[in-house]
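This report concerns only the one structure given below.
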Amino acid sequence: AALPWGCCCGRAMLRRPPRRHIRLPCCALLCGAACRLRPRAPSLAAATLGHRGFASAPSRTVTAPGRRAGAVRGVAMAASGSRSASSSARAGAGVPRPGERAHVLSIATEYRQEAVILERCAHLLGYEFQLCGLGDKWVGWGTKLVQYQRALERDMQQGEIAPDDPVLLIDGWDCALVGPAEEFKRKMASPPFSSHTVPWYAGERICGPDFFKASRIDELYPDTETPWRYPNAGCMCGRAEPVLQLIQDLLAGSGADGFPEDGNDQGRLHEHLLELGERGDPLPLMVDSNCGIFQCLYEQEPQWDLEADELVPRLRNTLTGERPIVLHGNGHTGRWFMSGLWREMRFLERVDLTPADLAHLPFDGPVAPGTEPDEATEKNWAATFQLYKIYEMQMAYARLGIEWDPWKIA
């Protein structure tokens, strides 16, 4: 049984939208703008995503090409360790501020299949959602910062976003939203997120684009106890005003000309962090190293378990016990894992879509969301896991001050 589309516009709550809603991106965006005028009921949103007409799938883990699910389970976790600590943190969760709204701003200069799914999930889960830069030219990674600055400045000036509203800024083509807005607001009102006024970035294991910055970043966050210690520029969150301030600082650059739009946003982020941190200034950002809000999927093996037998399927980090709100399919292996999760978590069915509904749009992953890869695709993407091993070795050498580049050697 297909799940009903949960549009929040009055009686349309349980009615499937006309096909043109999917076929015309402008119509989808107009509906999204209208939906922002009315609040969602989180309980109904959750019920829509986790409709009981679905037969619950057993918990499974998406694996690398050619591997069996039982062969890899990530990092083992003691029964009374991180999982219970995470439960205690959730039990003492803070209370969201009265009247605040949770916003998702997502960069996407063109409409792709993944962006359609993200938009629908955001509305179902109770977020105010907008795509930033749709139809504009993509100059480079700096385009993301330019578009986010433009959207935040406009919406804060017009009163659409309050300075203290919690915001998620996430990539539009490789991210999935799985946690409801109410949960995001509670987490933002709870430690560790409430203990710092600066924005938070997703944490990842590989420090790119410059492996030599890894040890320097480690020194700025000496208390980090997980592998996800390096800021990933594809996902950030925080209160709207400090988020905007950080973006403005990043665009200002460290030179007279500012940060170029065709520059590397993650490289700029790391440089800004090190520039302030190493001279003793307050750190401009924190890293979600416990994966409480963000889970980066760029890994050699899955570091999460899929809990598919719940109302709304979620991932649980096997080291920290956290259930992230956003899944980020960054890097080549991350895209592979994300392509499996589109199927395992049955995203399309839960937002009342089929692959045929989206077939006219391009996609970002190895295959279109919800579809199976063929043998040739599996072989091609299996090679990216070998590439990941090379990056790990390069980073290990960089920690010793050695540049090892197998391509130069070859």
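The values are calculated or read from the model by the stated rules, or taken from the named source; none is laboratory data. Remember, predicted model here, so these are calculated numbers, not experimental data. Cβ placement follows ideal geometry from the backbone for every residue including glycine, while neighbour counts extend to all protein chains displayed.
Taking R314, is it of a type in the set (D, E, K, R), modelled with pLDDT of 95 or more and under 26 Å from K187 (Cα atoms)? Give the steps one after another, and end with the answer.
Details: of a type in the set (D, E, K, R): yes; modelled with pLDDT of 95 or more: yes; under 26 Å from K187 (Cα atoms): yes.
Yes.
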Restricting region 186-202 to residues that are over 20 Å from N317 (Cα atoms) and touching a residue at least 60 places away in the same chain (Cβ under 8 Å), the one surrounded by the fewest Cβ atoms within 10 Å (Cβ to Cβ) turns out to be S194
Might you let me know whether region 207-214 holds any residue that is assigned to a loop (DSSP other than H, G, I, E, B), within 20 Å of the chain's Cα centre (by Cα) and either buried (at least 20 other Cβ atoms within 10 Å of the Cβ) or modelled with pLDDT under 95 (or both)?
yes
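From the list L387, L319, L327, L315, exactly one residue is part of a helix (DSSP H, G or I), under 25 Å from C291 (Cα atoms) and aliphatic (A, V, I, L, M). Which is it?
On the way: L319 fails: part of a helix (DSSP H, G or I); L327 fails: part of a helix (DSSP H, G or I); L315 fails: part of a helix (DSSP H, G or I).
Unique residue meeting the criteria: L387.
Yes or no, residue by residue, for (1) over 25 Å from K185 (Cα atoms); (2) surrounded by 16 or more Cβ atoms within 10 Å (Cβ to Cβ); (3) of a type outside the set (A, V, I, L, M, F, W, C):
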{"site": "W228", "(1), (2), (3)": "no, yes, no"}
{"site": "R239", "(1), (2), (3)": "no, yes, yes"}
{"site": "I247", "(1), (2), (3)": "no, yes, no"}
{"site": "L251", "(1), (2), (3)": "yes, yes, no"}
{"site": "E261", "(1), (2), (3)": "yes, yes, yes"}
{"site": "R279", "(1), (2), (3)": "yes, no, yes"}
{"site": "P284", "(1), (2), (3)": "no, yes, yes"}
{"site": "G292", "(1), (2), (3)": "no, yes, yes"}
So, in region 267-277, how many residues would count as being crowded, with 18+ Cβ neighbours inside 10 Å and among the aliphatic types (A, V, I, L, M)?
2
Expected single match for closer than 15 Å to Q394 by Cβ, in contact with a Pro (Cβ under 7 Å, 6 or more places away or on another chain) and in contact (Cβ under 8 Å) with a residue 24 or more places away in the chain among R239, R205 is R205
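Restricting attention to region 239-281, and to residues there that are of a type in the set (D, E, K, R) and not in a helix (DSSP H, G or I), which single residue is modelled with the lowest pLDDT? Talk me through it step by step, then tell me what you get.
Initially, region 239-281 is screened for residues of a type in the set (D, E, K, R), giving 239, 241, 249, 257, 261-262, 265, 268, 271, 275, 278-279, 281.
Adding the requirement that they be not in a helix (DSSP H, G or I) leaves 239, 257, 261-262, 278-279, 281.
Details: R239: 99, D257: 83, E261: 95, D262: 96, E278: 98, R279: 97, D281: 98.
Top of the filtered list is D257.
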Can you pull out the residues in region 245-263 that are of a type outside the set (D, E) and under 15 Å from Y201 (Cβ atoms)?
Q245, L246, I247, L250
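Residues that are over 27 Å from G365 (Cα atoms) and modelled with pLDDT of 95 or more: which strands (runs of 3 or more DSSP E) entirely in region 86-201 hold 1 or more of them? Show your work before the answer.
Numbers: elements: 103-107, 128-132, 166-171, 175-177.
Passing ranges, in order: 166-171.
Would it be correct to say that G234 is crowded, with 17+ Cβ neighbours inside 10 Å, over 24 Å from V139 (Cβ atoms), at pLDDT 95 or above and within 22 Å of the chain's Cα centre (by Cα)? Let's see the steps before the verdict.
Details: crowded, with 17+ Cβ neighbours inside 10 Å: yes; over 24 Å from V139 (Cβ atoms): no; at pLDDT 95 or above: yes; within 22 Å of the chain's Cα centre (by Cα): yes.
Here the answer is no, as G234 does not meet what is asked.
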So, first residue more than 19 Å from D218 (Cα to Cα) in region 391-410, second residue among the polar types (S, T, N, Q) and assigned to a helix (DSSP H, G or I), Cβ within less than 8 Å, six or more apart or across chains; the pairs are W404/Q394; D405/Q394
Can you tell me which residue is surrounded by the most Cβ atoms within 10 Å (Cβ to Cβ) among those in region 152-184 that are under 23 Å from Q266 (Cβ atoms) and among the aliphatic types (A, V, I, L, M)?
V167
Here the residues within region 354-370 that are surrounded by fewer than 23 Cβ atoms within 10 Å (Cβ to Cβ), in contact (Cβ under 8 Å) with a residue 24 or more places away in the chain and outside any helix (DSSP H, G or I) are H360, L361, P362, F363, D364, P366, V367, A368, G370
Close pairs (8 angstrom Cβ cut-off, 6 or more residues apart or separate chains): under 16 Å from D174 (Cβ atoms) and in contact (Cβ under 8 Å) with a residue 24 or more places away in the chain in region 341-353, part of a helix (DSSP H, G or I) and β-branched (V, I, T) anywhere:
W342/I117; F347/I117
Single condition P284 does not satisfy, out of (1) farther than 24 Å from L319 by Cβ; (2) in a helix (DSSP H, G or I)
(2)
